[in-house]
Structure formats: structure tokens, C-alpha cells
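Here the structure is laid out as C-alpha cells; the discussion comes afterwards.
The values are calculated or read from the model by the stated rules, or taken from the named source; none is laboratory data. Since the structure is predicted, the reported quantities are computational estimates derived from the model, not experimental observations. Reconstructed Cβ throughout: ideal geometry from the backbone, glycine too, with neighbour counts over all protein chains shown. Heavy atoms of the whole protein, side chains included, go into the accessibility calculation; ligands, DNA and RNA do not. Shrake-Rupley method; radii C 1.70, N 1.55, O 1.52, S 1.80 Å.
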Amino acid sequence: MTTPQTKEKMPKGLLAAAHWAAERTPESRNRAVDLYRAIAIMFVILGHWLLVAAVMRDGELNFLILLSEQRWTHYATWLFQVMPVFFFVGGFSNGLSWTSARKDPLKKKAWAASRLSRLLKPTVPVVLVWACAGLVAHALGVPVDLISSASQAALVPVWFLAVYIIMTMAVPLTMAFWDRFGIASVAMLAIAAIVVDVIAFGVDQGWLRWTNYAFVWLAVHQLGYWWGSATRPKSWALGFVALGIAWLYILIVQFGFPVAMVSVPGAEMSNTRPPTTAMLAVGSVQIGVILLLTDLAQLWLRRVRVWAWVIVFNQMIMSIYLWHMTALLIVTGVAAYAFGGFGLSEAPGTAMWWAMRPIWVVLFTIVLIPFVLIFVRFEAGSKTKPEQRPSPWQAMGGAFMTCAGLVVMAMVGLGKDNAIGVNWLAVGFVVLGVLIATRRFSRR
């Protein structure tokens, strides 16, 4: 039976559509999840814009990482390192989505392609734009090393995307793990991560640390499943905070782990590449704070206008994330080469340098906005019917192909010492992988 309400059409335009959706959001929805995701992405962007310091030296533009200039900023990474928040809220959302989809065989089969669509499609424009820019730059005589460093700086955010895509592909398995063991599955993964650290650092088997990309982030993602099923999650909040603080004290003070929760140039060890159990510790604190604030966040988000803006932000969140470093490079490049290094003479970390940061952040934002408005269309979810979407195996194959290309770009950029100066193999892996993962190819 069709009701008058179901006949209503969503209005066109981001703001109007968001307001329409906000007025019709069920009371049972955990709106705080979307708010935390939006806040986390803003912290990532602000962290990059503050910690990547451009400076002119001897007529050349150099990019310094403030972490290597001022040690106190290492503690600031406890606030700006929000990858645990992404995996936590991602686990919550993926768990609910998969639980709903597996009730319907058709939706279950199409789940992977549908879930990947919004993650993968926005990557194609940014990769192609930088590939074309590299091609033009090489034709103009720009050294391959500069093409590599510039594109690597712009595309370094995709490392997280590659990890998160793999986590998403593993949801049917990790959800089955959760169904079988519940909260104990989190403990198992955390213990495995601890064992890896003990062996890697205790008996000098550093190669083993790379397995913690799975154990650490799967443990946090698994906690998202717990959040979706817990009846009184807030009662755990202080326990998570206390556990995280104690864990950080043991790792940093007793065992000499780095204070910084991101990689510091020149440092012998990193807590993030690959991740150590320090990421579980800081994540535990962040998750505890999230649980403490959720009730207040839910109350605030019942305001239609506030909730509508959160919806808008989440509809363009991938575009904002993927293009924010491009905006930084454009602004600093123009300042360096079109305006003679104007504003780039101050030594990073000085009082004047910090006083100018708000101006630079505003400039980065102004340049970022057009990119987001142009490319947000690629972020829309798939409009194809479930029966027309790729199979899980096709989606998985395309996702892994895409991740292979993204990892190369995040590590070394797009520059390549060949006839065109661009690593077109990596570009091809991303584009073809996205097509395979999000489109069904069948005979007519």
C-alpha cells in the first residue's frame, strides 16, 4: 500500500535534500555516528594543514613536517590522530548495514559493490587529475622527482582509504567472527596485536609488525560492532579512558614507544606505519570520550538545521578528504612562484608563523571548496538495482586492484622515469579496479 508520504520526492540541491532528509530521520537513528565521522575528518584535514609547513629557503619551496621541528607537537597528535575513530564508527555502520542486507539474498549479494561504490568512485577524478598534471609537467620539463613528491603529498591520504576498503571487504568474515565470539573477538585481536609487538621488538623481528595493520584496525572496527549491539555502552566509557591512559603510560614511559601518534621524519620508530598497540591505547581513550558524549550529541542533533548540515557534510566527506592536500599544494605553489614566496619566509613554529596559520587555513578552504563542489557528484551512491550490481567476488577483485594502485601512489607518488613521466600502471589499476568493483559486466 502506498502512502502519501512515500510519494514525496526528495527536492534537488544538497541543502534542500539534506533538510528534507533531516525532517524524516527516524528517532532511533544514532546520529552521533555521522557527527563523529564529520569531526574526525575535520581534525585530519586541520592536522595536515597545520603540521605540513611550507617555507621558502634559498629561493626554493620546501615542505617541512612540524613534528620534526617542535617536539611539543608530538602530544598534539593524540588529538589529531583520529584513525581509530574512523574505524570505530565504520564498524558501527558496516555492522548495521551488513546485518540488514543479509536478511535479503539479493541485497546480500550486492552489498559489497554497493558499499564500495561511495568509497571508490571519488578516487578516480583525483587520480586522473594528478596523472594529467604529471603528464603536462613532464612535457614542460619538470623533473620526475618533483612530480613524484608533489603527487605523493597530494595523494598520501589514500593510504587510509586502501586499508579501510580492505576492512570493508572483510565485513562478512569479521561479522561472523563477532556473531561467534562477541566482545571476546575484540580481546583476541588486541592480544594478537600485543603479541606481535612483543615479538617484533623483543626479538628483533620487525617484519612481523606489518601484520598489525590487520590486528590493530580490525580490533577497533570490531568494537564498532559492539557499539551497535551494546545495551548500555556509556557504562563502559570511563573504563575505556582509564585503560587507554594506563596503556599509553606503560608503552611510552616504561617501554620507550614514541609519543607521536603519526610518523615523524627521521624517527627510528613509528606508531602508525605500521601501527603499534599504542594506536589501540589512544583509540581506547577516544572511544571512551565518544561514548561519554553521545547522549549530548544525540540531543543536539535533534535540531533539524544542525542535523541537516551534518548530513550535507557526510555527503561530501570523501571529496573533502581526497582533495584537501591538493588545495594546500595549489595555494603554497601560487604563493611561492607567482608571488615571490609571499608569506612563506617565516620559520615554521615561530610565534609569527602560528599567528599566520588561520589565514593559510582560510586560503586552503577557499581553494578546496570548488574542487568539492565539482567532484562531489562522484560520491553519490549507486542508483542501480541490487540485481544489476557486481557479484561479491567481482567487487572484491576490483577493490584489491584499486588498493594496489592507491598504495603505490601513497608511498611514491605518480612520477615515473619513463617516456611520459607518469606511472600509468598504477593509474590503470585504480581506474580499472573501480570499474570492476562498481559495475556489472555482462553480455547483452
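A few points about this structure:
- Cβ-Cβ under 8 Å pairs, at least 6 apart or on other chains, region 421-444 side of a type in the set (Ser, Thr, Tyr) and modelled with pLDDT under 90, far side surrounded by fewer than 18 Cβ atoms within 10 Å (Cβ to Cβ) and not in a helix (DSSP H, G or I): none
- Residues considered: Leu106, Leu67, Leu79. Of these, the only one that is open to solvent by 40 Å² or more (accessible area, probe 1.4 Å), of a type in the set (A, V, I, L, M) and within 30 Å of Trp360 (Cβ to Cβ) is Leu79.
- Residues in region 60-79 include none that are touching a Lys or Arg at 6+ places or on another chain (Cβ under 9 Å) and not hydrophobic (A, V, I, L, M, F, W, C).
- Each residue in region 82-97 was checked for being more than 18 Å from Asn314 (Cα to Cα) and open to solvent by 20 Å² or more (accessible area, probe 1.4 Å), and 0 of them qualify.
- Of the residues examined, Thr294 is one that is within 30 Å of Arg232 (Cβ to Cβ) and either in a helix (DSSP H, G or I) or aromatic (Phe, Trp, Tyr) (or both).
- Scan of region 311-354 for residues that are free of Cβ contacts under 8 Å to residues at least 60 places away in the same chain and at positive phi, ordered by number: Gly340, Gly343
- Residue in region 287-299 that is under 21 Å from His74 (Cα atoms) and open to solvent by 10 Å² or more (accessible area, probe 1.4 Å) present: yes
- In region 259-278, the residues that are in a loop (DSSP other than H, G, I, E, B) and open to solvent by less than 30 Å² (accessible area, probe 1.4 Å): Val259, Ala260, Met261, Val264, Ser270, Asn271, Pro274, Thr276, Thr277
- Taking region 149-225 as the region of interest, the helices (runs of 4 or more DSSP H) fully inside it that hold 2 or more residues being more than 20 Å from Met279 (Cα to Cα) and open to solvent by 20 Å² or more (accessible area, probe 1.4 Å) are 171-181.
- The single condition from (1) touching a residue at least 60 places away in the same chain (Cβ under 8 Å); (2) part of a helix (DSSP H, G or I); (3) crowded, with 23+ Cβ neighbours inside 10 Å; (4) of a type in the set (A, V, I, L, M) that Ala281 fails is (1).
- Remark: pairs (first residue in region 355-374, more than 19 Å from Ser319 (Cβ to Cβ); second residue open to solvent by 70 Å² or more (accessible area, probe 1.4 Å) and part of a helix (DSSP H, G or I); Cβ separation under 8 Å; 6+ apart in sequence or on different chains) are absent.
- Residue match in region 47-60 (condition: open to solvent by 30 Å² or more (accessible area, probe 1.4 Å) and within 18 Å of Met167 (Cα to Cα)): no
- Annotation: Ser319 fulfils all but one of (1) open to solvent by 10 Å² or more (accessible area, probe 1.4 Å); (2) among the hydroxyl-bearing types (Ser, Thr, Tyr); (3) more than 30 Å from Ala190 (Cβ to Cβ); the unmet one is (1).
- Condition met for Val142 (in a helix (DSSP H, G or I), surrounded by fewer than 19 Cβ atoms within 10 Å (Cβ to Cβ) and either over 24 Å from the mean Cα position of the chain (by Cα) or of a type in the set (Asp, Glu) (or both)): no
- Given (1) among the hydrophobic types (A, V, I, L, M, F, W, C); (2) out of contact with any helix residue (DSSP H, G or I) (no Cβ under 7 Å at 6 or more places or on another chain); (3) at pLDDT below 95; (4) within 30 Å of Met56 (Cα to Cα), index of the condition Ala347 fails: (2)
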